[in-house]
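The values are calculated or read from the model by the stated rules, or taken from the named source; none is laboratory data. This is a predicted model, so every value here is computed, not measured. Here the Cβ positions follow ideal geometry from the backbone for every residue, glycine too, while neighbour counts run over all protein chains shown. These accessible areas exclude ligands, DNA and RNA; they are computed on the full protein's heavy atoms, side chains included. Shrake-Rupley method; radii C 1.70, N 1.55, O 1.52, S 1.80 Å.
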Amino acid sequence: MASFNGFILTNKGRELLAKAVEGEQLTFTKMEVGDGTFTGDIKTLTALVSKKDDFNINQITNQGNGQVVLKAIINNQSTTTGYYIREIGVFAHGANNIEILYAYNKAIEADYFPAFNSSNAVEFEYNNIIIVDQAQNITAVIDPSMTYITKEEAAEKYVGKDQIATESGRGITSGLD
C-alpha cells in the first residue's frame, strides 16, 4: 500500500485559493498521476515531473474544516506499460478557466500500477484531502458516465431489498402491519 507526504499547494494553487477566499469560483478539474521524482521546492511546480495518466474526479465532499476530499477511481484500462505512482497532481481553475496544478503530492512508498491485459484489470481509489481554507464557492468537474459508488458507500446510504426495519436500524417496512 502506498503512502504519501500529503498535498502541498503550488504557488499557482495559492493564488487561486486567495481568489476563491474572496468569492471567486474554485473548480477542481482532474487528477494526474506520474512516476517522476521531484526534489526541489514543490510550490514552484506547474506540472507533474513525469505524467503517466489523468483521471476524472468522481466525488467531492466538503469537510467543513477548510478541506475537501476529492475521490478519484483510477484504472489501468489505457495503461500499456506498468509504472510506480510516485506523484499525484490535482488540477483546478478559477473564473478565467485557465487550468493550473493546484496541489502536488509525492510518494514516500509508491504503488505499482500494472499494464492492462485481459487477466489483470486494476482499479485504485484515491481520496485526496485538499486545502480550500475559507473558500465557499467550490465545485468539481465530474463526468456522470464515470461516476462509481463503492460497496461501502452503498451499504451506508442504501437499504437492501431484504433488510427489515427494526427499532435500532433502518430498513424496509410494509406499512401494512
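Take the alpha carbon atoms of region 1-59, find their radius of gyration, then divide it by 2.2 N^0.38 Å using N residues; give the quotient.
On the way: Rg = 13.2 Å, N = 59, 2.2 N^0.38 = 10.4 Å.
In units of the 2.2 N^0.38 Å rule of thumb, it is 1.27.
Could you state how much accessible area Asp54 has, in square angstrom rounded to the nearest 10, with a 1.4 Å probe and all protein chains kept in place?
60 Å²
Excluding ligands, DNA and RNA, what is the solvent-accessible area per residue of region 91-134 at a probe of 1.4 Å, expressed in Å²? Can you show the working numbers first?
On the way: 2370 Å² over 44 residues.
Per-residue value: 54 Å².
Tell me which GluC sites (Glu not before Pro) from region 52-121 have a DSSP coil assignment and no more than 16 other beta carbons within 10 Å of their own.
Working: sites: Glu87, Glu99, Glu109; in loops: Glu99.
Passing sites in region 52-121 are Glu99.
Please report the relative contact order for region 1-53, taking Cα pairs under 8 Å with a sequence separation of at least 6, and give it as a percent rounded to a whole number. Numbers along the way, then the final one.
Working: 40 pairs, mean separation 20.8, N = 53.
Taking the mean separation of contacting Cα pairs over the length of region 1-53, I get 39 percent.
So which of Lys12/Lys52; Lys71/Lys106; Lys19/Lys71; Lys30/Lys106; Lys43/Lys106; Lys43/Lys71 end up more than 19 Å apart, counting from Cα to Cα?
Working: Lys12/Lys52 22 Å; Lys71/Lys106 17 Å; Lys19/Lys71 24 Å; Lys30/Lys106 17 Å; Lys43/Lys106 12 Å; Lys43/Lys71 23 Å.
From Lys12/Lys52; Lys71/Lys106; Lys19/Lys71; Lys30/Lys106; Lys43/Lys106; Lys43/Lys71, over 19 Å: Lys12/Lys52; Lys19/Lys71; Lys43/Lys71.
Based on the alpha-carbon gyration tensor of region 50-138 and its eigenvalue square roots a ≥ b ≥ c, which shape applies: rounded if a/c is under 1.5, prolate if not and a/b is larger than b/c, or oblate?
Working: a/c = 2.17, a/b = 2.01, b/c = 1.08.
Cα axes put region 50-138 in the prolate bin.
In percent, how large is the relative contact order of region 1-126, given Cα pairs closer than 8 Å and 6 or more residues apart? All intermediate terms of the calculation are to be shown ahead of the outcome.
Details: 284 pairs, mean separation 44.6, N = 126.
For region 1-126, the relative contact order is 35 percent.
Could you give the Stokes-Einstein D for region 1-104 in µm² per second, using the C-alpha Kirkwood radius, 25 °C, 0.890 mPa s?
Numbers: Rh = 14.5 Å.
Answer, rounded: 169 µm²/s.
Largest first, how would Glu167, Glu123 line up by accessible area (1.4 Å probe)? The partial results should precede the final answer.
Working: Glu167 200, Glu123 100 Å².
From most accessible down to least: Glu167, Glu123.
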